[in-house]
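Take a look at the structure set out below.
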Amino acid sequence: MTQPEIKKVLCAVDFSDYSDDVVTDAFNICSNYEAELLLVNVVNERVYEELERIGGRFEMLGGVADKAIAEKEEHRARRMRELLGAAQERGLPLDQVTHSSRIAVGVPYERILEVAEEYGAHLIIMGAKGRTSLAKTLRFGSTAEKIFRRSQCRVMFVR
C-alpha cells in the first residue's frame, strides 16, 4: 500500500488549551511529510454581526464597530504570532516547514472547509475539543463534527 499524498496541511486553531498540542502535531506531521502548513483561526461572524447591529442603531458611534472589528482581527493575529513563538521555544521545526497563517471571518466550520478547499489541503488538523461549551455542543453539534462529516480531505483530531 502506498503512502497517502500529504503535501498541504491546514491546521485550525482556536486558541483554546489544546492549541499548543494541535500546532505541535501539525508541525511534526508537516516535517515528516515535507508538507506546507497553513494555520487558520476563524473569528465567528456572529461577533461582527452584533457589532454591526449595534453600530447601526447608534449612528453617533460612527465607525466604532469598524474599529472594533479591526482590533479583533489584530488581536487574533497577535495571538497567532504568540502561538508560533511558543512553538519555536518548545523546539518545533518551524524553520524546516514552509508555513503561513490566516485569520478568517465567518461560521467556523464553513470557513475552515472553504479555506481548506481554496488551499488544496490534503489534511485538516484540529483539536477534538475547542472553545464551545458542552451545552452548545449537545444542542448544535461541534465544529469538529461538522468538519469531519463535510470535509473532502482527511481530517485528524488532536486530544
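Rule-based calculations on the coordinates, nothing more; no lab input. All figures in this text were calculated on a predicted structure; none of them were measured in a lab. Cβ coordinates were reconstructed from backbone atoms using ideal geometry, including for glycine residues, and neighbour counts include every protein chain displayed.
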**Q.** Residue-by-residue Karplus 3J(HN,Hα) for region 144-159, coefficients 6.51, -1.76, 1.60, Hz, glycine and proline x
**A.** 4, 5, 5, 5, 4, 6, 10, 5, 8, 10, 5, 10, 10, 9, 10, 10
Q. Non-local amide H neighbours of Val105 (under 5 Å, H modeled in plane, Pro and chain starts lacking H): which ones?
A. Val43
Q | Rough spin-label spacing in nm, given labels placed 7 Å along Cα→Cβ, for Lys72 and Met156 | A | 3.1
**Q.** Residue-count net charge about Leu113 - beta-carbon cut-off 11 Å; Lys, Arg +1, Asp, Glu -1
**A.** 0
Q: Lys and Arg at +1, Asp and Glu at -1: add these up for the other residues within a Cβ distance under 13 Å of Tyr33 and post the number.
A: -1
